[in-house]
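> The structure's right below; bear with me while I get my questions together.
Each reported figure results from applying straightforward, stated rules to the coordinates on display, with no laboratory input. Keep in mind that what you see is a predicted model, and the values were worked out from it rather than measured. FYI the Cβ positions are ideal-geometry reconstructions off the backbone, even for glycines, and counts take in every protein chain you see.
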Amino acid sequence: MPSRFIFSLRFSSKVLVKLAKLSLAMVLFMSLLRLNLFMLSAFAKVEHNSFLEILHSFGAGIRFDILIFGFLLIPIYFILLIQAICEKWPKWIFIFYKIYFASIWLIICLLSYIDFFHYSHHGRRMRFAEYSSWTPELTWEQMQALQTNQALFFTISTVILLVLGYMLIRGLQFGQWKDEYSPQKGSKLELALRIVLPLVLIVLAARGTVEAHHLALEHSQVSDNSALNEMALNAVWCFDK
């Protein structure tokens, strides 16, 4: 007779897959934020760069975006593993997961919004030093330096992406782990795959590369144009730099 642990572990895998899919959707949304940055600001700064260089910048940007959610999924993985071992799945924990991702998405959108006006003015992403001295008045001044339609379109698009992310989070359905009962007995291979494989994938995502060194600033250097290189980064990654 299979133990309750394997059922609990299977359910934890199910929850993790749902959260991983949500993370991938948010990576897509971050790419759309970068596309807005390109269309509304960076385009004029990179008009002499080739299409392949611009495409390479977007590709590098996806790696930096995945890195963010790789780090965010690390604590989620261990919480789920503890739950699987304890075989406890209270309803409040699913609310916590939703609040966790909703808070993160709000922070990403806010930082990206502030960073847009800094990038438009300076041609580079904000770093921790700029965030430390940031004031709403500074963003307002940078906003006024742009054309009204630029600021308005980016504001509207950011709000739309914020709402879409919130809707995805709110619509998450995790089910109940008791539905995972099955006559199938878990093998050692299944245990290894459900415990080790997700951790390996999450760590790789958080590192951003399979190379000896993790993803770093040099991985955004796709051309001689610093504005294009900076576009590959994201506001969250630059926050502690």
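> Any idea what angle helix 4-37 forms with the longest principal axis of the chain, computed on alpha-carbon atoms, 0 to 90 degrees, nearest 10?
10 degrees
> Okay, which of the range 108-139 sit inside 20 Å, backbone N to the point 7 Å along the Cα-Cβ direction of residue 47?
Residues passing the 20 Å test: 119-124.
> Charges on Cβ only, +1 for Lys and Arg, -1 for Asp and Glu, centred on the Cα centroid of the range 73-204; of 109, 142, 121, which one is farthest towards the dipole's positive end?
109
> What is the angle, in °, between the Cα long axis of helix 51-86 and the longest principal axis of the Cα atoms in the chain? Nearest 10 is fine, range 0 to 90.
Result, in degrees: 30.
> Still on this structure: Take the alpha-carbon centre of the range 69-118, take the same for the range 187-241, and report the distance between them in whole Å.
When both Cα centres are located, 18 Å separates them.
> Here's another thing I want to ask about it. Show me, for the range 100-105, the HN-Hα J-couplings you get by feeding each phi into the Karplus relation (A = 6.51, B = -1.76, C = 1.60, θ = phi - 60°), rounded to Hz, glycine and proline as x.
4, 6, 5, 5, 4, 5
> Here is a follow-up. Determine the sum of side-chain charges near residue 69: Lys and Arg each +1, Asp and Glu each -1, restricted to other residues whose C-beta is under 14 angstrom from that of residue 69.
Surrounding charge for residue 69 is +3.
> Charges only on Cβ, +1 for Lys and Arg, -1 for Asp and Glu: so what's the dipole of the chain about the Cα centre, in debye to the nearest 20?
Charge dipole of the chain: 1280 debye, to the nearest 20.
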